[in-house]
Ligand code: SF4
């Protein structure tokens, strides 16, 4: 029985319940799980973010607990047949440790890499980073959050000195007079959030959406700007240009709370509205109406999401909207601000505690000597023994199995075979590895390639914490233990660490290596597989950092509706709203950065004349490993599709429902056509939740943002072909 579970008085009679949160997206809707006679039901729960609402994914999340596809035993690839075969835990873990030893003795420590996920709890993300740096002693760790939120994170860091998706509670959205959503479609990706949009409009507020498609969210907007994909930055600069011309810039705020405005002012001077219209297709009148709604209202919020971020200029695009928000004096003003809608369930916490290539816990930089000393002190290792920064996710994946790249990879909670850009190339890289290990509870497309598959616990079977899109740290409560044969990620990491220490003495390990105490602070009676123990250490490791969890206890989270970081002391306040008095920069001022529009990494041409963009649908989640196996979600969204305008369909002779092939310079995929006027005639859309022949990421571009390393999922050049 876990902390949050209500006791059962008799097996199978009195239901057991826990108050927890949905396993999927960053809204982390509150829900109650009830187990009765072995069956688990999801019940709605009042929580400040979702107010009792859940989407179809949340309602059906428990179906996977007892799903027939559930992995309940490790799998080892049989060298003779090439098939994955059931194996004991000892055999599987020994195979991993032997493989790690062989690879590191032959190629050095950095020849082993770790790839994490934005769905892992804070405790797992922390333990994974520590495992990589202290047990494996490799610099190579990164995670799939690099594909989701990293451009807004980088833009937030350079402007505000801190990266917290929303620097204010979600409820502020409902009170905004003007709300601008850029590249965000919460009506499909996090439907309970729409309640706040509805409330906002019922109070007389204006909702403006910037999106190349007429999405479910755009249909609710008072004004929809439908730019050509890849031109959001031009729109942002034009809006600031208009605000300057009309005198809507908050000069007092800019003078008192920011630096660098003059360079931005000069930069946007050239972005007169007609120029932006010519580039983006957004009419001047709509640009002017948007700028007026932003510049003349009292409470104004600007939000960006993946549509603005997933570009080779994603950091600059987000920065364009941050500049606009700063010029209007929004961040830190009550009821106003700029924020990013984080995507993955623990996308926020997952990027704070050390599974990013360049970070240590507490959002510390791994190349900062003071940060290294602090974290090394908590870990009980010399600071100079900690590896330096690794490389971002796509660069890491694209180097696997190459002469200079890692030869072994351990994957936790990720499915890059479906979710990575230019996915066929990444699939090839994974096949080239000497050792691929995947820990998951279902046989994902990536797990199917692995040499070793480790069956892991699901969200309802483990305790821990998640940090939602508001920076609110939440408790995940276990309803029941994992099934026989299944282990938690923390238990796997603890066991691997022990085996590496006692068995994995690869020949090239030096005497100094042997002295390194791999998980010292968790030894001496403390159990490294206990999430409460790991969280206690995470608090110490993050203390004093940007994302300071020092005062966040599980008890405190349970007593209230979560705790907002930074929260340095247990008896001090947490921080629902940032920036009221100062920003997290050395001088306390936010920083403007001049940013210029530039073309997409790949432009359309005669051979590939259409823009291609990807996204999500309501009933599926990320790479679909989980949601494609839930019956109700499969019924709602059974297959991939290619959305195209009827005029384009007519030109190509493609009817609704007929299969089409989407071809880029990198590959192709096939799916039925879905004709819709919701999309521009020059643009094609497909969801990325499916693998195999319908894998949208077979065609996406692997160009990445130079600052964040985020790939350009949102635009590339393709052609469509009829499939006869
Ligand atoms: S909106 Fe997100 S957190 Fe809420 S139920 Fe749906 S998937 Fe789960």
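Geometric descriptor of the stretch 340-387, per residue, is 77 Å³ (volume of the convex hull of the Cα atoms). Computed from Cα positions, the angle between helix 314-327 and the longest principal axis of the chain comes to roughly 60 degrees. Taking the number of Cβ atoms within 10 Å of each Cβ as an exposure proxy, the fewest-first ranking of 180, 479 is 479, 180. Can you pull the Kirkwood radius for the stretch 267-346, inverse mean 1/r over Cα pairs, to one decimal in Å? About 13.9 Å for the stretch 267-346.
A protection proxy built from the mean count of other Cβ atoms within 10 Å ranks the segments 323-331, 365-373, most packed first, as 323-331, 365-373. I'd like the FRET efficiency for residue 202 and residue 577, computed as 1/(1 + (r/R0)^6) with the beta carbon distance as r and R0 of 25 Å, rounded to 0.05. Efficiency at R0 = 25 Å is approximately 0.60.
Enclosing the Cα atoms of the stretch 552-651 in their convex hull gives a volume equal to 260 cubic angstrom per residue.
Projection of the Cα convex hull of the stretch 114-163, averaged over all directions and equal to a quarter of that hull's surface, yields 3.8 nm². Share of antiparallel DSSP beta bridges in the stretch 614-723, in percent to the nearest 5? Of the beta bridges lying entirely in the stretch 614-723, close to 70 percent run antiparallel. Multiplying the residue separation of residue 219 and residue 89 by 0.36 nm and subtracting their alpha-carbon distance yields 41.6 nm. Taking max minus min of the alpha-carbon positions on each principal axis, the stretch 47-188 gives extents of 65, 41, 24 Å, largest first. Of the Cα atoms belonging to the stretch 146-263, the radius of gyration and Dmax stand at 15.6, 40 Å.
For the stretch 271-327 and the stretch 41-102, what is the separation of their C-alpha centers, rounded to whole Å? Taking the Cα centre of the stretch 41-102 as reference, the centre of the stretch 271-327 is 41 Å away. Working from label points 7 Å from Cα in the Cα-to-Cβ sense, the residue 105 to residue 723 distance is 4.8 nm. In whole Å, how far is the Cα centre of the stretch 338-383 from that of the stretch 607-644? Computed from Cα coordinates, the inter-centre distance equals 32 Å. Here the spin labels are modelled as points 7 Å beyond Cα on the Cα-Cβ line, and at residue 587 and residue 402 they lie 4.0 nm apart. With a simple spin-label model that places each label point 7 Å from the Cα along the Cα-to-Cβ direction, the separation between residue 66 and residue 448 comes to 2.7 nm. Over all pairs of different C-alpha atoms, the stretch 203-253 has a mean inverse distance whose reciprocal, the Kirkwood radius, equals 12.6 Å. Annotation: peptides 483-493, 40-50, ranked by per-residue average of other Cβ atoms within 10 Å with the highest first, follow the order 483-493, 40-50. Taking only the C-alpha atoms of the chain, the Rg (one decimal) and the largest Cα-Cα distance, Dmax (whole number), read 24.7, 74 Å. Coordinate range of the alpha-carbon atoms in the stretch 228-372 per principal axis, descending: 50, 35, 27 Å. Just so you know, the Rg over Rh for the stretch 569-720 is 1.13, from Cα atoms, with Rh as the Kirkwood radius. Ordered by the number of other Cβ atoms lying within 10 Å of each residue's own Cβ, fewest first, 103, 411 fall into the sequence 103, 411.
Under the 0.36 nm per residue contour assumption, what length would be gained going from the current alpha-carbon distance of residue 650 and residue 373 to full extension?
Gain on extension, residue 650 to residue 373, equals 93.3 nm.
Computing FRET efficiency as 1/(1 + (r/R0)^6) for residue 384 and residue 677, where r is the C-beta to C-beta distance and R0 is 41 Å, gives about 0.10. Full extension of the chain between residue 256 and residue 639 yields a length gain of 132.5 nm, computed as 0.36 nm times the residue separation minus the alpha carbon distance. Legend: translational diffusion of the stretch 11-95 by Stokes-Einstein, Rh = Kirkwood radius over C-alpha pairs, 25 °C, 0.890 mPa s; D = 158 µm²/s.
Can you compute the helix-only [θ] at 222 nm over the chain? Use -39500 (n - 2.57) per DSSP H run of at least 4 residues, normalise by all residues, nearest 500 deg cm²/dmol.
My calculation for the chain gives -8000 deg cm²/dmol from helical runs alone.
Within the chain, DSSP assigns beta bridges of which about 50% are antiparallel (rounded to the nearest 5). Protection proxy ranking for 236-242, 543-549, 261-267, using the average of other Cβ atoms within 10 Å per residue and placing the highest first: 236-242, 543-549, 261-267.
Here, each number is a calculation from the coordinates, and none is a lab measurement. Not measured: the values here are computed from a predicted model. Positions of Cβ are backbone-derived with ideal geometry, glycine not excepted, and every protein chain shown enters the neighbour counts.
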